[in-house]
Amino acid sequence: MNRLGSLLIVFALLLTPALTAHAEQPLYGEMDLEFNLGWPGPNPVIPDWVGTVTIDGVQYGMAFFNIGTGKPFVDPFVGKVVFFGEVWVIYEWMSFNFETQELLHGDVLLWGDDQGVTGLANGKYRMNGGVHGAFEHFAELQGRNVHMSGIIEFYPFGAPHFAPGTFRIN
C-alpha cells in the first residue's frame with residue numbers, strides 16, 4: 001500500500017502542471033467602436049455600434065445589436081443612467097456603410113449577449129453577459145462569461161460618438 005500511495009503522489013505531482021497549463025485563461029481585447037447615428041432603434045439586423053476588437057494583436061470586426069431591456073424609457077432620457085441589452089458579434093472581418101446601413105462581414109467567430117448600464121454624467125459603461133457561439137480558434141470559449149467596459153465619448157450635440165473599451169472573456 002505504501003508503494004501504491006507513493007506512486008499516486010508522484011503521478012499527481014506530474015499531472016498538476018499539465019492541468020494548470022490547460023486551465024481556462026481569460027481572453028482580453030481592446031474595442032474601438034463608433035455609434036451608428038442612422039440606427040433606427042432596437043433592431044436585430046442594423047447595428048447601433050460598429051468597429052473593431054483587437055485580440056492578441058489581430059483585429060476583428062465587431063458589431064452590437066440593441067435588443068432593448070424591457071425597461072420603460074421615455075425620450076428624452078430622464079435620469080443619470082441608461083440601461084441596455086444587446087447582442088454582440090465578432091466577425092473575421094467587417095465593414096459597415098453608415099450611409100446605406102449595409103453591414104458586410106466574414107465568418108462569425110464569437111457571439112453572445114450582454115446587459116449593461118451607461119452613466120450619462122461621465123460616459124462610463126459596463127456590461128456583462130455570456131458567449132453563446134464560439135467557432136474556429138475561439139471554440140473553447142463557448143459558454144463562458146463576457147465583460148466589457150469603457151468610456152463613451154459624446155458629440156457636442158449629445159449623441160454617443162466613440163466607445164473605446166476593454167473586452168474580456170473569463
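The values are calculated or read from the model by the stated rules, or taken from the named source; none is laboratory data. Every value quoted in this text rests on a predicted model; they were computed, and no experiment measured them. Cβ: placed from backbone, ideal geometry, glycine included. Neighbour counts: every protein chain shown. Keep in mind that these areas ignore ligands, DNA and RNA; they rest on the heavy atoms of the full protein, side chains included. Shrake-Rupley method; radii C 1.70, N 1.55, O 1.52, S 1.80 Å.
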Kindly check whether there is at least one residue in segment 78-98 that is free of Cβ contacts under 8 Å to residues at least 60 places away in the same chain and in contact with a helix residue (DSSP H, G or I) (Cβ under 7 Å, 6 or more places away or on another chain). no
Are there any pairs, at least 6 apart or on different chains, whose C-beta atoms fall under 9 Å, with the first in segment 148-164 and over 19 Å from PRO47 (Cβ atoms) and the second of a type in the set (Lys, Arg) and modelled with pLDDT of 95 or more, and if so, which? SER149/LYS124; SER149/ARG126; SER149/ARG168; ILE151/LYS124
Taking the conditions exactly as written (of a type in the set (A, V, I, L, M, F, W, C), more than 15 Å from the chain's Cα centre (by Cα), under 30 Å from GLU24 (Cβ atoms) and open to solvent by 50 Å² or more (accessible area, probe 1.4 Å)), does PHE83 satisfy them or not? yes
Restricting attention to segment 143-158, which residues are of a type in the set (Phe, Trp, Tyr) and open to solvent by 90 Å² or more (accessible area, probe 1.4 Å)? PHE157
In segment 123-142, how many residues are under 18 Å from LEU109 (Cβ atoms) and either open to solvent by less than 60 Å² (accessible area, probe 1.4 Å) or touching a Ser or Thr at 6+ places or on another chain (Cβ under 8 Å) (or both)? 8
Filtered residues of segment 100-141 (kept if polar (S, T, N, Q) and closer than 15 Å to TRP88 by Cα): GLN115, ASN128
Residue check for PHE98: out of contact with any strand residue (DSSP E or B) (no Cβ under 8 Å at 6 or more places or on another chain) and open to solvent by 10 Å² or more (accessible area, probe 1.4 Å): yes
Residue ID - nearest to the chain's Cα centre (by Cα), chosen from residues in segment 121-161 that are in a strand (DSSP E or B) and of a type in the set (Val, Ile, Thr): VAL146
Residue pairs, Cβ under 8 Å, 6 or more apart or interchain, first in segment 26-37 and over 17 Å from MET94 (Cα atoms) and in a loop (DSSP other than H, G, I, E, B), second of a type outside the set (Ser, Thr, Tyr) and open to solvent by 60 Å² or more (accessible area, probe 1.4 Å). List them. PRO26/ARG168; PRO26/ASN170; LEU37/PHE98
All but one of (1) surrounded by 13 or more Cβ atoms within 10 Å (Cβ to Cβ); (2) modelled with pLDDT of 95 or more hold for LEU120, so report the exception by its number. (2)
